Amino acid sequence: KGSEWETGEYFTRRGYTSDRWKQLAADVAKYGIRNGYLMAVAPTGSTSNIANTTAGIDPIFKKFFIEEKKGSFTPKT
């Protein structure tokens with residue numbers, strides 16, 4: 001209760017103003033949203049390195065990048 005999802009602030013802050021977004025915001029306020037919609041599908045982050053795969057279901061957006069975690073920087077390919 002009172003989350004940005006329930007209050008609609010999540011949609012407003014991002015400028016989602018089309019009728020479809022407004023309907024989704026109303027539905028989320030009325031029915032709620034499951035945590036499964038807010039979490040990435042495994043493997044994520046460091047666990048993907050063990051399996052030598054990408055993190056989550058998103059496509060690769062860069063072939064090389066620097067990952068920052070807890071003050072350390074690690075090159076990733």
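Selection over region 21-50 of residues that are surrounded by 13 or more Cβ atoms within 10 Å (Cβ to Cβ) and modelled with pLDDT under 80 gives a count of 4. For region 51-74, which positions are surrounded by 10 or more Cβ atoms within 10 Å (Cβ to Cβ), within 18 Å of the chain's Cα centre (by Cα) and more than 13 Å from Val41 (Cα to Cα)? Glu67, the sole residue that qualifies.
The values are calculated or read from the model by the stated rules, or taken from the named source; none is laboratory data. Predicted model, so just to flag it, every value in this text is computed and none were measured. When we count neighbours, we look across all protein chains shown, and the Cβ atoms used for this are built from the backbone with ideal geometry, even at glycine.
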